[in-house]
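Notes to accompany the following structure.
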Amino acid sequence: MTRVLVIKLAALGDFAQAFGPFAAIRAHHPAARITLLTTRPYAPLARMAPWFDEVWEDGRPDWTDVPGVLRLISRLRGGGFDRVYDLQTSTRSSRYRWFVGRRAEWSGIARGASHPHANPRRDLMHTVERQREQLEMAGIRDFPDPDLSWLDADVAQFGLPPQFCLLVPGASPGRPAKRWPEERFATLAAGLEMPAVVIGGPAEAPLAAAILAAAPQGIDLTSRTRLEDIAALARRAAFCVGNDTGPTHLAAACGCPTLALFGEDSDPALCAPRGPRATFLRHVPLSGLDSADVAAAVARLA
């Protein structure tokens, strides 16, 4: 049996944009045993998906964690992989080629790869097009639309109204310029004709409180949702407005009409959410983007 390793370590937005490549790899290797090497936050989601036979969640030990690194080396070396698709294409993941062993075919940017992504302008491509071209150079020609029917959950416990929208006011804590101001989100929510459901982690709870103070008919679900819950909410929401952050990308991938907000800290040409009804607004600085402009974009989206 052919053994295939797929490497995708992080982050959530990138993981969502790899759904297409995951499906293409499975379609190209229908009888292979496919293992995904990832990290703990994404392992439960990956285990729900139909594309992998096994999911390893120890894919990014700290280099100072010598026992952890040695365990990973031993696991990769003993995997007996025939081909590796490195969809992370980082310095770290490229180094894993030496852990896997030279016998395995390698798709990626590692030195000596059998199927390199040999495009010197690859870093100027959108993630989706870049990964597709990488797989094409490895011999994959069929790119079916990924079936995401498995990506759902029971959301009855949240007490949702018949119609609602999603707001994603957070972003990476280390990149504040990626956040549209909470007062602009609050103004947007107050002007909507439906309740806003605010999602995010614990750090977004103060943002949700500020937004719902202006729009008290809304619901605060920060810290209450798993990844599959976010997907289920997106399937049922009228639309989603969010910063360039993982849940926004996941909502777009699930088909929710999604408006992503970009400023100077990330480039939508390289990483805008992709989905059948996804679009974006960019304003530099993002803090200067007016709520009325976002509301108008939402009206066009819906």
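Taking 31, 205, 252 as the candidate residues, the one with maximal mean-square fluctuation in a Gaussian network model of the chain, Cα springs under 10 Å, is 31. Footprinting exposure proxy ranking of 55, 100, fewest other C-beta atoms within 10 angstrom first, gives 55, 100. With the largest listed first and rounded to whole Å, the semi-axes of the equivalent ellipsoid of the stretch 64-105 from the Cα gyration tensor are 17, 14, 7.
Using a Gaussian network model on the chain with a 10 Å cutoff between Cα atoms, which of 43, 16, 251 fluctuates the most? Fluctuation is largest for 43. Principal axis analysis of the Cα atoms in the chain yields extents of 60, 41, 40 Å, listed in decreasing size. Of interest is the spacing of the C-alpha centroids, which for the stretch 250-292 and the stretch 16-39 amounts to 26 Å.
Each part reduced to its alpha carbon centroid, the stretch 139-178 and the stretch 73-102 end up 30 Å apart. Restricting the calculation to Cα atoms, the stretch 13-107 yields a radius of gyration followed by a Dmax of 13.0, 38 Å.
Residues 73, 34, ranked from the fewest to the most other C-beta atoms within 10 Å, line up as 73, 34.
Averaging the sequence gap over all C-alpha pairs within less than 8 Å and six or more residues apart, then dividing by the number of residues, gives the chain a relative contact order of 16 percent.
Helix 227-236 and the longest principal axis of the C-alpha atoms of the chain enclose an angle of approximately 50°. Helix 205-214 and the long axis of the chain differ in direction by around 30°, with both axes built from C-alpha atoms. Sorting the segments 145-154, 192-201 by their mean number of nearby beta carbons within 10 angstrom, highest to lowest, gives 192-201, 145-154. Most simply put, the chain has about 5% antiparallel DSSP beta bridges, counting only bridges with both residues inside it.
Any read-out appearing in this document is the output of simple, stated calculations on the displayed coordinates, not a laboratory observation. Worth saying up front: this structure is predicted, and the values here are computed from it rather than measured. Cβ sites come from the backbone with ideal geometry, for glycine too, and all protein chains shown count toward neighbours.
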